[in-house]
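The values are calculated or read from the model by the stated rules, or taken from the named source; none is laboratory data. Just so you know, these numbers come straight off a predicted model, no measurement behind them. Methodologically, a virtual Cβ is constructed for each residue, glycine included, from the backbone with ideal geometry; neighbour enumeration extends over all protein chains shown.
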Amino acid sequence: MPKTYIVEHLDPELEAWSALEYAAIARESHASNSTFMLSSVPTTLVLPNKLRDAEGFVVSHESVESLYPDKSKVCLLDPAATTELAPEDGKKFEVFLFGGILGDDPPRDRTSELRKKGFEGRRLGPVQMTTDTAVRVTRLVVEGKKALEGIEWVDNPELKFGKHESTTMPFRYVKAQNGGPVMPEGMIDLIKDDAAKGLDDLL
Ligand code: SAM
């Protein structure tokens, strides 16, 4: 049965980073005939055109609990869950729910806002992932029937920009064929721009 991936928007704004992550999730969901929805989007929030127009992108102003009053079909991907996600969960759940929050270091456990609503949780291992990585890994497990232990990771990649500048991303990513982390289109440029801005602020 086709799966639905929901990211519940939990921040007041939608950062450029999140827009790139959500556009990547939409494209990958469209390619696998599954659905991606960004829920709880305030009616006042203006979404960037690139995200709004991304193939497979669906917006809802409703919260996940009003969209899915039957919680038994919904699995919350929760870094604090005590059970790891497994391929059989693809049979048990129709909807996979993620916190629409940027990663933070150290993690502040904002996924607890969704946990409190009573959804059953599954973990994707002990390391914090970006939201698009968490959806990608969930898809590999519940659609691709891959065990978590069979997935290759890149942890805390260091991205080098030129001779002297680099940024370490404190997250876990899926390893791409070239050995680097799988990241959304446009993300490296955005990180580079943000790093340059940070440097300008110091000067
Ligand atoms: N620091 C965050 C927090 O406060 O909970 C984690 C944010 S993470 C960038 C966004 C979402 O990806 C989480 O809400 C969760 O749904 C999912 N996620 C990330 N890493 C995960 C893991 N190791 N296990 C389960 N879910 C994960």
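Here are a few things to note about the model shown:
- Of everything in the range 76-105 that is among the aliphatic types (A, V, I, L, M) and more than 14 Å from VAL141 (Cβ to Cβ), the residue that is farthest from the ligand (Cβ to nearest atom) is VAL95.
- Just one of (1) more than 22 Å from TYR5 (Cβ to Cβ); (2) within 13 Å of the ligand (Cβ to nearest atom); (3) in contact with a strand residue (DSSP E or B) (Cβ under 8 Å, 6 or more places away or on another chain) fails for THR168. It is (2).
- Test: residue in the range 76-87 that is among the polar types (S, T, N, Q), buried (at least 22 other Cβ atoms within 10 Å of the Cβ), under 23 Å from ARG172 (Cα atoms) and modelled with pLDDT of 95 or more: no
Each row is one residue, and each column tells you yes or no for (1) in a helix (DSSP H, G or I); (2) at pLDDT 95 or above.
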residue: MET1; (1), (2): no, no
residue: GLU13; (1), (2): no, no
residue: TRP17; (1), (2): yes, no
residue: LEU20; (1), (2): yes, yes
residue: ARG27; (1), (2): yes, yes
residue: VAL41; (1), (2): no, yes
residue: VAL46; (1), (2): no, no
residue: GLU62; (1), (2): no, yes
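Conditions tested, residue by residue: (1) free of Cβ contacts under 8 Å to residues at least 24 places away in the same chain; (2) basic (Lys, Arg); (3) more than 16 Å from GLU8 (Cβ to Cβ); (4) not in a loop (DSSP other than H, G, I, E, B).
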residue: LEU76; (1), (2), (3), (4): no, no, no, yes
residue: LEU97; (1), (2), (3), (4): no, no, no, yes
residue: ARG110; (1), (2), (3), (4): no, yes, no, no
residue: GLY125; (1), (2), (3), (4): no, no, yes, no
residue: LYS146; (1), (2), (3), (4): no, yes, yes, no
residue: VAL154; (1), (2), (3), (4): no, no, yes, yes
residue: SER166; (1), (2), (3), (4): yes, no, yes, yes
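- Test: residue in the range 123-132 that is surrounded by fewer than 16 Cβ atoms within 10 Å (Cβ to Cβ), over 17 Å from GLU28 (Cβ atoms) and of a type in the set (S, T, N, Q): no
- Counting the residues of the range 106-138 that are of a type in the set (Ser, Thr, Tyr) and more than 6 Å from the ligand (Cβ to nearest atom) gives 3.
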